[in-house]
Amino acid sequence: MKIKVREIAFKVLLLFAAFLLLIFIPTMVIPEVRAAEAGVKWDRWNIAPFASSKEEACAKVLIESIDGFNMPPPVKEHFKAALGATCKGGTEVWLTPHQRLEQMWSGGPKPHVMNNVTVGELPVLKSPDGRSYRKGAVAEAAKAFSWTFAHEGKVYVLYLPFVCFNVSWVATASPEQPVVPAVLKPLGACPDVYTLKVNVWERKAFNLPGVERTAAKEELEEKFVGASHVSRMHGGQFRKAYAAGEIARSATTRVFRVSFIMTPEVRGEAPAVTEEHVLGDVPITGLHELQFSRAQLETWDAIRVVSINDDVVSPPRYHQTGLHELRFFNRLPGTTLGEWDSNPVPDCIMNEHWIE
């Protein structure tokens, strides 16, 4: 009888212990779930790198890693096709403290995707020559390659950081309400402000007389100055055809990277870019006006516009950069303000032309 009582008491204790576990286990798990939902701070750089080099990241893991992101399928396919196996066409940018990323790959023994990632603030306390900085005044920034693509009202940016090579991405403001740097907004009136109108035409424009032949010549050009360019040679033809109802501007939103550059080509030398200041990525549907102060134009050799979406036929890819790009020159021998001289004050307006 005593044995049965002991057995019953033991079973009661087991049932009570199981009941306590059912009560406490959920409360133990919930904080971990909440912590994951709250996001991850990326502040331990090079602890768990996703790859050991850019070459490894591009050739072995980058393309496959895109499939692990929660991006729309068309966005994934675009980035995989655009980057290829060598990460072609990326633009160097900085990932700054407190910048938010949708997702980021982490490496180590068990590679995984982290959600809602914030770039950490890593304080810099001293200058390279030993001078002390006030605490919180200076922080590190991580350089990265970036690629951009517009899709269904959002602009997607893919990053490949130089440190860790942790592939990551973010979706930015919609093209209807783009976040455009102040330098691209109206600054005043002519002759203090100059306007470069970026026209993007439908594919039909490529079939107008002479356009395709000029494009074929442009594809073989080594330089921009004095070369055959559809934009320069057929701009008037496009505007007349548009006025006559023969062609229309593109209805598709595309993202263009606008920057100022320095290049020895303005002195008749090589078309290399020796310095570049990126102004921003600008979503354009058909037509967009970029405005610059005269002081800016007098400071920089040229304005560079690059197609980020990579889905245009004109201009063709420039073989030295692999990019669809146009350069508008602010300086040229024998001119006051480069190409702007051909359309003098009080107009201050010029055009460049793209074909989808």
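Values quoted throughout were computed directly from the atomic coordinates according to the rules given, and no laboratory measurement underlies them. Because the structure is a prediction, the values reported are computed rather than measured. Note that each Cβ is placed from the backbone with ideal geometry, even for glycine, and that neighbours are counted across all protein chains shown.
Overview of results
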quantity: ³J(HN,Hα) computed for each position of the stretch 284-289 - Karplus, 6.51 cos²θ - 1.76 cosθ + 1.60, integer Hz, glycine/proline x; calculated: 10, 10, x, 8, 8, 9
quantity: Long-range amide H partners of residue 331 with built H, under 5 Å; calculated: 339
quantity: Per-pair calculated FRET efficiency, R0 = 30 Å: residue 270 and residue 124 via Cβ, rounded to 0.05; calculated: 0.25
quantity: Contour excess over end-to-end distance, with Cα ends at residue 335 and residue 207 and 0.36 nm allotted per residue; calculated: 42.7 nm
quantity: Rounded FRET efficiency, nearest 0.05, which uses the C-beta distance separating residue 54 from residue 317 and R0 of 22 Å; calculated: 0.55
quantity: Note, ³J(HN,Hα) from phi for the stretch 325-337, Karplus 6.51, -1.76, 1.60, rounded to Hz, x at Gly and Pro; calculated: 8, 10, 10, 10, 8, 8, 10, 8, x, x, 10, 8, 9
quantity: Part-to-part distance (alpha-carbon centres) for the stretch 93-132 and the stretch 193-268, which is given in Å; calculated: 40 Å
